[in-house]
Structures are given as structure tokens and as C-alpha cells.
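Q: Once you've had a glance at the structure underneath, I'll fire off some questions.
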Amino acid sequence: MPTVLAIETSCDETAAAVVRDRHCLSSVVSSQIDIHAAYGGVVPEIAARQHLETINLAISQAFGQANRSWAEIDGIAVTAAPGLIGALMVGITAAKTLALLHQKPLIGVHHLEGHIFSAFLAEPSLEPPFLCLLVSGGHSSLILVKDYGDYEIAGQTRDDAAGEAFDKVARLLKLGYPGGPAIDKIAVQGNPKAFNLPQGRIANHPYDSSFSGLKTAVLRLVEKLAAAKEQANDRNPLPIADIAASFQATVAKALSSRTVKCAIAHNLTKIVAVGGVAANTELRSQLLNAATEHNLTVIFPPLSLCTDNAAMIGCAGAMHLARGETSRLELAARSRLEL
Ligand code: KG4
Ligand code: ZN
């Protein structure tokens, strides 16, 4: 059961953790969300600089909270790809330096594999096979987890990731950034059936999604409603809550129905939902209902494990280390990499 120090800096969270096999001993996440909010989204250059400012403190806090010393660390896991290149490089450079200094093996981890492993931290008794719905600001994928290290993408988005669609629609409705939580909150007051929006199906690819068309449909709807109000000289505000609720219900329906269909088609009885969008109230409720109807189990790791964190990277790293799979010190950051 290896104990690893893990580092994650692929986007806008500077994270460090100490993990022993499937148990999180500490997890420090320093979010840059307030800094990027002023720009309406993540600015890569600022993200990298901010990681540089914060990484050392995050690592020492992770050690402190876990009450572990370097002597008890068997390896250093770090997110190597995919992500913002400058941001990734900060984490990788820190990990390589520490690996050299303390003579520990380095383990480069794929960010998506990390997300999958958040499921093992949430449910240490979980074993493959299962289906993983990964929905975040950067990804929207259905991943068949056949075995440890054996994954197949069964479906993905053709354009915007689910979280990206939430963020763009929220910006359109002037609800602020990040958009997911804002839409989730205001949707409670709206009617999810007020407007009919397209689910973004892709012909002959039942598990793929397109959220860009949905976003454009919301834009056209807002333009149409605004024009009608102007013509009628109506000064009431637009029905923002109804639009948000309808958009959210459409995304939830698209994702939950595709996920359940995919699980059934591949004879999988367990579904794990991870990533920031998996926090969405409507998605959770629709996925749980659809899965229960077909006798499928759904695991929702807690939000702290769903959003970007280093503990999930450490859990995947511990598995690779136990199998003797380590990286060379030449490990390079890659902005894109297949799982
Ligand atoms: O996993 P995450 O923290 O970061 C990565 O993108 O890797 O996901 C962030 C995304 C953002 O787009 C945010 O708007 C969305 O997750 N999000 C939500 C909710 N909470 C966060 N989307 C819908 N409903 C939520 N409650
Ligand atoms: Zn992520």
C-alpha cells in the first residue's frame, strides 16, 4: 500500500495531497476562481503564475495535515496531461525537483484517470468494471472502466464540455462565473418545462453530445423573447429562472439518458458521476431516477473529490506505483493526450 505525495495544477486549482492507497490522508486545494472571475473565465498565463506562488505552501500544508514526513513517502504523483501547458509545467517541475531531491520515484498521471480514481477514494471497496460519467469545465465523457489502467471512451462531446455550456449560458443570462452553481441556484425558482430546447443528439453516435447547439438555442431564445418584449413595450425582466431551469433540465436529460443507455448496452451495473457538473442538483436527481429504474447503482463522490483535486491524482499514482509503473525525469507536460 504505497503512500504518495500528489500534485495537480492542470487548470485553476493549485492542489497537493498525501494519499495512502485508496485513503486520502490530506487534500489541499487552493482555488484561483476569484482571480479568474474578473475575466469571465480562466486566463492561462495568470493560472500558471498563480500556481507558482501557491504550490510550495500547498505541498507543505498537505504534509502538515497528513502528519507525514518525507521518509514515509514512497513516490510523487503529478498530473502530466491534459491541461493548460504553463499550468501543468509548474506542477511537473515541482514534482521532478522533489523527486530528485528526496530520491523518490516520479509518477505522471493522466488527469482523466485521476477523475476516475476519485471514485475509489469515495468507495474504497469499488472494483471495475463500471461506467464513469465525467462532466467538468473541460471534459464531457463517458468512460468504460474495464479494469485498472484499461479504459475506453464510449462517448464524448463534439464541441463544448458540459461545464463550458453552463458557464457560457450563465454569461448570456448575466448570472456570473462560474456559471454552473449560479444556474443551479436560480433554476430552483424556474419552470424546467417552460421552453423546449434541443438535446444535441449526434446521428449514429448515441453516447456523444453536442452542447454548442444548445447554447446557441438559448441565445436565439433570449433574442426572440427580448424582441417580443420590446415590440409589446413590456418592461418586465426576461424569465431568466425559467430559461435557466429549462436549459439545466435539457442538459440533465441528455446526460442521464445517454449514461444509462450506455451502461445497459455494455452490461455495466455501476455508474460513477464525477467532475464539477456532477454537483448539479437536477443531473443528480435525473441520473439517480433513470439508473434506479433500470436497477443500476450510481455513485456520486463528494463534491470535494468531484472537482479538481490532488487526492484523485495520488490515488491513481499509488495504483501505478504498486504496479511498478513510474515515469522518467524527462516527463513532459502535454496539453492534449488520449486517455
Ligand atoms: O471539475 P471542475 O471543478 O473543473 C474542471 O473543469 O476540471 O468543473 C468546473 C465546472 C465549471 O464549468 C462549473 O460551472 C461547473 O463545473 N459546475 C457546475 C456546478 N458546479 C460546478 N455545473 C452545474 N451545476 C453545478 N452545481
Ligand atoms: Zn478536471
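Q: Pairs only if they're at least six apart or on different chains, beta carbon under 6 angstrom, first in segment 119-140 and touching a residue at least 40 places away in the same chain (Cβ under 8 Å) and aromatic (Phe, Trp, Tyr), second assigned to a helix (DSSP H, G or I) and more than 13 Å from ligand 2 (Cβ to nearest atom); list them, first residue then second.
A: Phe120/Cys315
Q: Additional query: Go through segment 2-49 residue by residue and tally those that are polar (S, T, N, Q), surrounded by fewer than 21 Cβ atoms within 10 Å (Cβ to Cβ) and modelled with pLDDT under 95.
A: 2
Q: I need every pair where a residue in segment 93-116 that is within 12 Å of Glu330 (Cα to Cα) has its Cβ under 7 Å from the Cβ of a residue that is at pLDDT 95 or above and of a type in the set (S, T, N, Q), sequence separation at least 6 or different chains.
A: That search, which allows pairs on different chains as well, returns Leu106/Thr326; Leu106/Ser327; Ile107/Thr326; Ile107/Ser327; Gly108/Ser327.
Q: Among Val274, Val251, Val260, which is the only one that is within 17 Å of His294 (Cβ to Cβ) and either within 16 Å of ligand 1 (Cβ to nearest atom) or touching a helix residue (DSSP H, G or I) at 6+ places or on another chain (Cβ under 9 Å) (or both)?
A: Val260
Q: Related question: May I ask you to say which residue of Ala182, Ala187, Ala161, Ala194 is within 16 Å of ligand 2 (Cβ to nearest atom) and within 23 Å of Ser285 (Cβ to Cβ)?
A: Unique residue meeting the criteria: Ala161.
Q: I've got another one for you. In the list Ala279, Ala333, Ala318, which residue meets the criterion of being outside the structural domain of Ala95 (by TED's automatic domain parsing) and in contact with a strand residue (DSSP E or B) (Cβ under 9 Å, 6 or more places away or on another chain)?
A: Checking each option against the conditions leaves just Ala333.
Q: Sticking with this structure for a sec: Cβ contacts < 6 Å: first residue farther than 16 Å from Gly114 by Cβ, restricted to segment 316-339; second residue of a type outside the set (A, V, I, L, M) and assigned to a helix (DSSP H, G or I), any location; separation 6+ or different chain. Result?
A: From segment 316-339, the pairs are Leu329/Lys96.
Q: Where residues in segment 109-144 are among the charged types (D, E, K, R) and away from ligand 1 (no atom under 16 Å from the Cβ), which of them is nearest to Leu288 (Cα to Cα)?
A: Per the criteria, the residue is Glu123.
Q: Which of the helices (runs of 4 or more DSSP H) found entirely inside segment 226-339 contain at least 3 residues meeting this: of a type outside the set (Lys, Arg), surrounded by 20 or more Cβ atoms within 10 Å (Cβ to Cβ) and touching a Ser or Thr at 6+ places or on another chain (Cβ under 9 Å)?
A: Helices (runs of 4 or more DSSP H) meeting the threshold: 240-265, 281-293, 311-322.
The values are calculated or read from the model by the stated rules, or taken from the named source; none is laboratory data. Please read these numbers as outputs of a predicted model, since none were measured by experiment. Note that each Cβ is placed from the backbone with ideal geometry, even for glycine, and that neighbours are counted across all protein chains shown.
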